[in-house]
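**Q** Sharing a structure with you now.
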Amino acid sequence: MGVGALLACAGKFKAAANRRASKPLALVLLSTLATGCGIVYTPTGKVISHYASDHVVPYVKATDDPDLATCGTGLGQNHFVASFSRVMDDPAYVMFYNNLLSGYCADSKAAEANLRYLRARRAGNVAEASDARTEEKRWHTVTAKRRQQAFQEAVSIYALPDSGECPRLRDDSDQITYLLALVTGLQAVQSDFLSGAQVGVPRNIAINAGRAAECLDNEKWWGVPRAIQATVWNFVPGTTPEGVSPWRVYEQSAELAERSGMRLALALWATGAQNQGNDEQLRLALRAAGAIDPASTPEEYRLIDRLATVQLRHLSDQVWTEMAGERTPMGALGRFPDDAQENVPDTEGLL
């Protein structure tokens, strides 16, 4: 049974089609399925879905290669796994991660287009800048669609996020998935905004994500739940509680990020600062990120940290490109072109 059985069925179907070329395709398919091939799809789908949940997802979360995970795994197994929803219950848990990863893949392409835009604008090349801006918005549209789909997959699993009650989160696997779903919901809103609202992601997702973050232990999860709330306050005017400073919340989250070696809260801090146009806070977040040793990241969550670092690096690249015409030099995350010269890495001889 399993994949081998599926391949055997495919061979039978091809042979049947060759023998019965004069018959309608539907009759060929019906006669092939009558041999018993149709009954293998559902159990095969369940085996693959369970295997991906139990082994592929944990394996990928522990990897150290964001590009391979996002544009490799996220894109590579997306349609294959999703297609089993035709013969069984939607493999929502696995598809949440597939769409989350493929969303990051599209976001990285939007980031490259953004840097092309900034370089062209700096050089005064209007046509190139306009083309790059259009490409960037196209990729933000793709990103928003994938992130919205990921969020919807999570909603189908958990009571998320506007039911008024916290869902039953049985173990750390459920908790981290719930946490990432809330972050992905925020990202979907932001990506849609950057696309020019091409997708129409509901803005109330952000507010609901802030409420749902209360269901998670802030200290256990690296300061991210509170950073989610602070980001909502920066995204949605009028939602900040009286007497509360989002920047102070970010600083407290940064302390937990440093202790844990996980930079996801710092990526939220930097995103919130950029949304507010607060260069001082953006630089503080990037400096905090640059001070964290990647070796201190918990092995089972390395990819989550590396994806956050990719986001932080792009925000740093924007600063460097606008000021110096080039992206962040190697090893210079948390440093800036206008820092004291001794703080900037020596790039002499680098191509």
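**Q** Does Ser253 qualify as being of a type in the set (Gly, Ala, Ser), within 23 Å of Glu112 (Cα to Cα) and either modelled with pLDDT under 95 or not assigned by TED's automatic domain parsing to the domain that holds Gly103 (or both)? It would help to see each step written out before you state the result.
**A** Working: of a type in the set (Gly, Ala, Ser): yes; within 23 Å of Glu112 (Cα to Cα): no; either modelled with pLDDT under 95 or not assigned by TED's automatic domain parsing to the domain that holds Gly103 (or both): yes.
Against the criterion (of a type in the set (Gly, Ala, Ser), within 23 Å of Glu112 (Cα to Cα) and either modelled with pLDDT under 95 or not assigned by TED's automatic domain parsing to the domain that holds Gly103 (or both)), Ser253 does not qualify.
**Q** Suppose we filter Ala127, Ala92, Ala62, Ala82 for residues that are within 25 Å of Asp317 (Cα to Cα) and among the small types (Gly, Ala, Ser); which single one remains?
**A** Values: Ala92 fails: within 25 Å of Asp317 (Cα to Cα); Ala62 fails: within 25 Å of Asp317 (Cα to Cα); Ala82 fails: within 25 Å of Asp317 (Cα to Cα).
The match here is Ala127.
**Q** What is the number of the single condition among (1) free of Cβ contacts under 8 Å to residues at least 40 places away in the same chain; (2) out of contact with any Cys (no Cβ under 9 Å at 6 or more places or on another chain) that Gly74 does not meet?
**A** (2)
Every residue, every condition in (1) under 30 Å from Leu182 (Cβ atoms); (2) modelled with pLDDT under 95; (3) assigned to a helix (DSSP H, G or I), yes or no:
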| site | (1), (2), (3) |
| --- | --- |
| Ala308 | yes, no, yes |
| Leu312 | yes, no, yes |
| Met323 | no, no, yes |
| Leu333 | yes, no, no |
| Phe336 | no, no, no |
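**Q** Just checking, which of Trp320, Trp269 is among the aromatic types (Phe, Trp, Tyr) and free of Cβ contacts under 8 Å to residues at least 24 places away in the same chain?
**A** Values: Trp269 fails: free of Cβ contacts under 8 Å to residues at least 24 places away in the same chain.
Only one candidate qualifies: Trp320.
**Q** Here is a check on your reading of the model: is Ala62 out of contact with any Gly (no Cβ under 8 Å at 6 or more places or on another chain), surrounded by fewer than 20 Cβ atoms within 10 Å (Cβ to Cβ) and either modelled with pLDDT under 55 or not aliphatic (A, V, I, L, M) (or both)?
**A** On the way: out of contact with any Gly (no Cβ under 8 Å at 6 or more places or on another chain): yes; surrounded by fewer than 20 Cβ atoms within 10 Å (Cβ to Cβ): yes; either modelled with pLDDT under 55 or not aliphatic (A, V, I, L, M) (or both): no.
No.
**Q** Here is a follow-up. Mind checking which helices (runs of 4 or more DSSP H) fall wholly inside the range 185-274 and carry at least 3 residues that are surrounded by fewer than 22 Cβ atoms within 10 Å (Cβ to Cβ)? Reasoning before the result, please.
**A** Values: elements: 204-212, 224-235, 246-260.
The helices (runs of 4 or more DSSP H) meeting that bar are 204-212, 246-260.
**Q** In addition: Which of the residues spanning the range 65-101 are in contact with a Gly (Cβ under 6 Å, 6 or more places away or on another chain) and either buried (at least 19 other Cβ atoms within 10 Å of the Cβ) or at pLDDT 75 or above (or both)?
**A** Phe84, Asn98, Leu101
**Q** Here is a further query. Tell me which residues, restricted to the range 222-251, are among the aromatic types (Phe, Trp, Tyr) and closer than 13 Å to Ala209 by Cα. I'd like the intermediate steps shown before the answer.
**A** Taking the range 222-251 first, the residues among the aromatic types (Phe, Trp, Tyr) are 222, 233, 235, 247, 250.
Across the range 222-251, the qualifying residues are Trp233, Phe235.
**Q** Now for a separate question. Across the range 235-250, which residue is nearest to Ala289 (Cα to Cα) among those that are at pLDDT below 95 and within 23 Å of the chain's Cα centre (by Cα)?
**A** Residue satisfying both the conditions and the ranking: Phe235.
**Q** It is to be established whether one or more residues within the range 213-230 are touching a helix residue (DSSP H, G or I) at 6+ places or on another chain (Cβ under 6 Å), within 22 Å of Met262 (Cα to Cα) and polar (S, T, N, Q).
**A** yes
**Q** Scan the range 189-205 residue by residue and report those that are without any contact (Cβ under 8 Å) to a residue 60 or more places away in the chain and small (Gly, Ala, Ser). If you could, list the steps in order and put the result at the bottom.
**A** Narrowing the range 189-205 to residues without any contact (Cβ under 8 Å) to a residue 60 or more places away in the chain: 189, 192-193, 195-197, 199-205.
Ser195, Gly196, Ala197, Gly200 - these are the residues of the range 189-205 that are without any contact (Cβ under 8 Å) to a residue 60 or more places away in the chain and small (Gly, Ala, Ser).
**Q** Please state which one of Asp305, Asp279, Asp293 is surrounded by 20 or more Cβ atoms within 10 Å (Cβ to Cβ), out of contact with any helix residue (DSSP H, G or I) (no Cβ under 6 Å at 6 or more places or on another chain) and among the acidic types (Asp, Glu). Quick ask: steps written out before the conclusion?
**A** On the way: Asp279 fails: surrounded by 20 or more Cβ atoms within 10 Å (Cβ to Cβ); Asp293 fails: surrounded by 20 or more Cβ atoms within 10 Å (Cβ to Cβ).
After applying the criteria, what remains is Asp305.
**Q** Where residues in the range 285-301 are touching an Asp or Glu at 6+ places or on another chain (Cβ under 8 Å) and assigned to a helix (DSSP H, G or I), which of them is farthest from Gln318 (Cα to Cα)?
**A** By that ranking, first place goes to Pro294.
**Q** For the range 299-326, give me the residue count where each residue is more than 12 Å from Pro337 (Cα to Cα) and polar (S, T, N, Q). Give the derivation first.
**A** Quick first cut of the range 299-326, residues more than 12 Å from Pro337 (Cα to Cα) only: 299-315.
Then keep just the ones that are polar (S, T, N, Q); that gives 309, 311.
Qualifying residue count, the range 299-326: 2.
The values are calculated or read from the model by the stated rules, or taken from the named source; none is laboratory data. Quick caveat, the model's predicted, so the values are computed rather than measured. Cβ coordinates were reconstructed from backbone atoms using ideal geometry, including for glycine residues, and neighbour counts include every protein chain displayed.
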